[in-house]
1. Using Cα centres only, tell me the gap between the range 95-113 and the range 1-41 in whole Å.
2. Please list, by residue number, everything in the range 35-56 whose backbone N is under 18 Å from a paramagnetic label point 7 Å out along Cα→Cβ of Ser122.
3. Strictly under 4.7 angstrom between C-beta atoms: which cysteines of the chain have no such partner?
4. Put a dot 7 Å past each Cα toward the Cβ at Val5 and Lys73; how far apart are the dots in nm?
5. Leaving out ligands and nucleic acids, note down the accessible area per residue over the chain with a 1.4 angstrom probe, in whole Å².
6. Nearest 5 percent is fine: what portion of the DSSP beta bridges confined to the chain is antiparallel?
7. Given the Cα-Cα distance of Phe56 and Ser82 and 0.36 nm per residue of separation, how much length would full extension add, in nm?
8. Please list, in order along the range 71-87, the HN-Hα scalar couplings obtained from phi with the Karplus expression 6.51 cos²θ - 1.76 cosθ + 1.60 (θ = phi - 60°), rounded to whole Hz, x for Gly and Pro.
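The values are calculated or read from the model by the stated rules, or taken from the named source; none is laboratory data. Worth saying up front: this structure is predicted, and the values here are computed from it rather than measured. Please note: Cβ atoms are built from the backbone with ideal geometry, for glycine as well, and neighbour counts cover all protein chains shown. Areas reflect the complete protein model, heavy atoms only, side chains present, ligands, DNA and RNA absent. Shrake-Rupley method; radii C 1.70, N 1.55, O 1.52, S 1.80 Å.
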Amino acid sequence: QVQLVESGGGLVQAGGSLRLSCAASAGYYAMGWFCQAPGKEREFVAWINWTGEKTFYSDSVKGRFTISRDNAKNQEYLQMNSLKPEDTAVYYCAASSKYYSGSSDSADYDDWGQGTQVTVSS
């Protein structure tokens, strides 16, 4: 089982930036980021395919967030720019051991990190 550990969360003012990292204990296929705000269900943020050539974003973050990966280091990243208060949530890294391409469906991911808190103040 792949173990995932996120880092990089924190408190930032609106308009600021954060870079989340996800370190995996082993190799993996598709990777993704999801977030969960208080009182809400976990929702999709972005995915990246196995080679890193294909990415997909939710409409709410498109143009502001960038997902990337470094397979040599077993790392995944989420660069978050132009942050808004509504981006406040716990962000989770997800990994699939079945699919080479990404998915916006959380059920397609096998392993999850513990989450990292992102708080954007107005």
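1. The range 95-113 and the range 1-41 have Cα centres separated by 14 Å.
2. 37-39, by backbone N distance to the label point.
3. Unpaired cysteines in the chain: Cys35.
4. Between Lys73 and Val5, the label points sit 1.4 nm apart.
5. Numbers: 6260 Å² over 122 residues.
Heavy-atom SASA per residue in the chain reads 51 Å².
6. Working: 35 of 39 bridges.
Of those bridges, close to 90 percent are antiparallel.
7. On the way: separation 26, 0.36 × 26 = 9.36 nm, distance 1.82 nm.
Between Phe56 and Ser82, full extension yields 7.5 nm more.
8. So the J values, rounded to whole Hz, are 5, 5, 9, 6, 10, 10, 9, 9, 7, 10, 10, 6, 5, 10, x, 6, 7.
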